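Everything below concerns the one structure shown next.
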Amino acid sequence: MMDVSQYINELYVKDHDNFYQMVSQSLTINHMPQISVSPETGKLLYLLVKIANATNALEIGALGGYSGIWICKALPDDGKLTSLELNKDYANVAKNNIEKAGYGKKVTYHIGPALETLKQFISQKRKFDFFFIDADKENYRLYLEYSIQLAKKGALITADNVLWKGKVTDKNNQENNTIFLREFNEFVAKHPRLESVIVPIGDGLTIARVL
């Protein structure tokens, strides 16, 4: 019997398996961690970009480009994705994969610590209407705070891994990343400028609308 994830993928994501296989293979070849978003999470990101009518998206954490492919696929022809990645080699892999997928012209990569780049964007008064956070868990809260400052009214902010394989619900689990994500979830839930929820798909996806 297939599990829930397999069932969802079979119904809604099967036609896009080639993207997932392409990225997974590139991660293996380049000795990168296999921590891309799940296919069903990618499809959800795609739908959210479409529903939000987003044209200018910001991604914090590129890895192999799988989430970026889904976001770019949903953006209009003149839409843009700005992707922040600490590791230059990872960014090169992501860029290559997105170009193979046919969306290379939509993406601009910024290499280096994301917090520094976000501060620059704030000083430049840049604005985005869709955000995807999927980077080091220690800085999730800061990524969110900066994203809110960069957000247009009504923008969507999403974040992956917020259930952390269910560990956030275990009060006895005091691992660093579990604590960071648990605190992040509580911060999002209480933030006065956000309407938000966690969707238990993949490893948990936060969806928040900026007021």
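Quick notes
- When the stretch 83-97 is filtered for residues that are in contact with a strand residue (DSSP E or B) (Cβ under 8 Å, 6 or more places away or on another chain) and open to solvent by less than 10 Å² (accessible area, probe 1.4 Å), the ones remaining, listed by number, are 83, 84, 91, 94.
- The set of residues in the stretch 98-137 being among the small types (Gly, Ala, Ser) and surrounded by 20 or more Cβ atoms within 10 Å (Cβ to Cβ) consists of 101, 114, 135.
- Flag for residue 97 being farther than 20 Å from residue 140 by Cβ and modelled with pLDDT of 95 or more: no
- Selection within the stretch 191-211 - touching a residue at least 60 places away in the same chain (Cβ under 8 Å) and open to solvent by 60 Å² or more (accessible area, probe 1.4 Å): none
- Residues of the stretch 181-190 satisfying the condition of being surrounded by fewer than 18 Cβ atoms within 10 Å (Cβ to Cβ) and not aliphatic (A, V, I, L, M): 183, 186, 187, 190
- Residue match in the stretch 53-62 (condition: in a helix (DSSP H, G or I), buried (at least 24 other Cβ atoms within 10 Å of the Cβ) and in contact with a strand residue (DSSP E or B) (Cβ under 9 Å, 6 or more places away or on another chain)): no
- Among the residues of the stretch 33-44, those identified as crowded, with 18+ Cβ neighbours inside 10 Å and not β-branched (Val, Ile, Thr) are 36, 38, 39, 40, 42, 43, 44.
- Among the residues of the stretch 138-168, those that are out of contact with any Pro (no Cβ under 8 Å at 6 or more places or on another chain), more than 15 Å from residue 48 (Cα to Cα), open to solvent by 20 Å² or more (accessible area, probe 1.4 Å) and in contact (Cβ under 8 Å) with a residue 40 or more places away in the chain comprise 138, 141, 152, 153, 161, 164.
The values are calculated or read from the model by the stated rules, or taken from the named source; none is laboratory data. Quick caveat: nothing in here was measured; it's all calculated off a predicted structure. Neighbour counts are summed over all protein chains in view; Cβ atoms, including those assigned to glycine, are modelled from backbone coordinates with ideal geometry. Note: accessible area is taken over every heavy atom of the protein model, side chains too, but ligands, DNA and RNA are not part of it. Shrake-Rupley method; radii C 1.70, N 1.55, O 1.52, S 1.80 Å.
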